[in-house]
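I have placed the structure first, in the form of structure tokens, so that the comments after it can refer back to it.
The values are calculated or read from the model by the stated rules, or taken from the named source; none is laboratory data. This one's a predicted model, so the numbers in the text were calculated from it and none came from an experiment. Every residue, glycine among them, receives a Cβ derived from its backbone with ideal geometry; neighbour counts consider all protein chains shown.
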Amino acid sequence: MMDFNAQRLHVDAPLGEGPAIAVGPEQANYLLNVLRLKAGDGIVLFNGRDGEWLARVMPKGKRGCELTPERLVRAQEGGPDIDYLFAPLKRARLDYMVQKATEMGVARLRPVITRRTVAERVNVERMRANAIEAAEQCGILYVPGVTEPQKLERVIGDWDGSRRLIFCDEAAALASPIEALREVEGLGEAAHVGAPPLAVLIGPEGGFDPAEREMLMRQPFTLAISLGPRIMRADTAAVAALALVNAVLGDWR
């Protein structure tokens with residue numbers, strides 16, 4: 001069972017009983033000066049592969065420290081195989097979107113450049129840092145992968161048809177997104193562990209260009225869903241769409 005009060009830290013190193021893990025200056029500063037941990041204090045570690053481990057802090061020198069894993073406290077868990085594709089937003093709202101998508105359990109974050117995308121520059125390292133911070137805070141045991149931005153046309157052209165792409169469209173044929181999702185053949189009754197891989201696509205603030213929408217609609221692997229009668233900001237739409245997919249097809253059932 002997860003300890004909601006425990007301080008958690010993501011590390012890249014393998015976790016297990018054995019030698020201490022040396023952390024970099026930034027993480028050492030966080031542990032010693034922000035959290036104010038002392039020698040022998042506990043910290044929970046995860047790396048997305050080896051579960052969650054209780055470790056002890058051992059300061060090294062003036063500014064460094066090592067972490068010694070003691071015992072496994074939670075076995076490795078995965079989540080639904082959901083890619084989240086989105087038109088990048090400006091900095092603060094992109095940070096928020098990445099954090100919330102991570103909390104919602106996506107497996108990968110995939111920025112796509114559409115014809116109406118405003119913020120075409122994407123700091124992938126900043127996105128990864130935000131995803132790690134969100135994972136540390138919300139208790140999940142993995143960090144979503146982050147891909148380099150690609151143009152929407154190329155993404156669709158290279159798409160693996162076994163992954164159903166759900167995109168948000170105010171002109172969707174069914175007004176109820178739940179009904180639309182339940183009609184997806186072969187997915188409505190599947191448990192999330194064995195369910196086919198999914199993807200959710202949110203367009204830019206101004207919506208998809210008509211040519212882009214037509215391209216999406218003619219693909220055999222796409223499904224358009226409505227998000228209701230109100231116009232949402234892209235970061236709000238991300239949370240709404242991912243919540244719907246998790247509730248109907250993912251691991252909220």
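Criterion applied to A39, A107, A55 was being over 24 Å from Q27 (Cβ atoms) and either surrounded by fewer than 19 Cβ atoms within 10 Å (Cβ to Cβ) or small (G, A, S) (or both), and the one residue passing it is A107.
On the stretch given as the range 41-65, residues that are outside any strand (DSSP E or B) and in contact with a strand residue (DSSP E or B) (Cβ under 6 Å, 6 or more places away or on another chain) total 2. Number of residues in the range 199-253 that are in a helix (DSSP H, G or I) and under 21 Å from the mean Cα position of the chain (by Cα): the value is 15. Inclusion of A238 among residues that are at pLDDT 90 or above, exposed (fewer than 13 other Cβ atoms within 10 Å of the Cβ) and either acidic (D, E) or touching a Lys or Arg at 6+ places or on another chain (Cβ under 8 Å) (or both) is not warranted.
From the list R93, R121, R110, R116, the lone residue that is in contact with an Asp or Glu (Cβ under 9 Å, 6 or more places away or on another chain), part of a loop (DSSP other than H, G, I, E, B) and over 26 Å from L45 (Cβ atoms) is R116. Only residues that are surrounded by 14 or more Cβ atoms within 10 Å (Cβ to Cβ), without any contact (Cβ under 8 Å) to a residue 24 or more places away in the chain and among the basic types (K, R) were counted in the range 117-163, giving 1.
Of all residues in the range 34-50, those satisfying the criterion of being in contact with a Leu (Cβ under 6 Å, 6 or more places away or on another chain) and of a type outside the set (A, V, I, L, M) are G42, F46, N47, D50. The residues in the range 139-185 that are part of a helix (DSSP H, G or I), in contact with a Ser or Thr (Cβ under 6 Å, 6 or more places away or on another chain) and closer than 21 Å to R116 by Cβ can be counted, and the count is 1. Filtering the range 1-38 to residues that are modelled with pLDDT of 90 or more, part of a loop (DSSP other than H, G, I, E, B) and either in contact with a Pro (Cβ under 6 Å, 6 or more places away or on another chain) or among the aromatic types (F, W, Y) (or both) leaves only L15. Taking the range 40-60 as the range and being touching an Asp or Glu at 6+ places or on another chain (Cβ under 8 Å) and among the β-branched types (V, I, T) as the test, the residues that pass are V44, V57.
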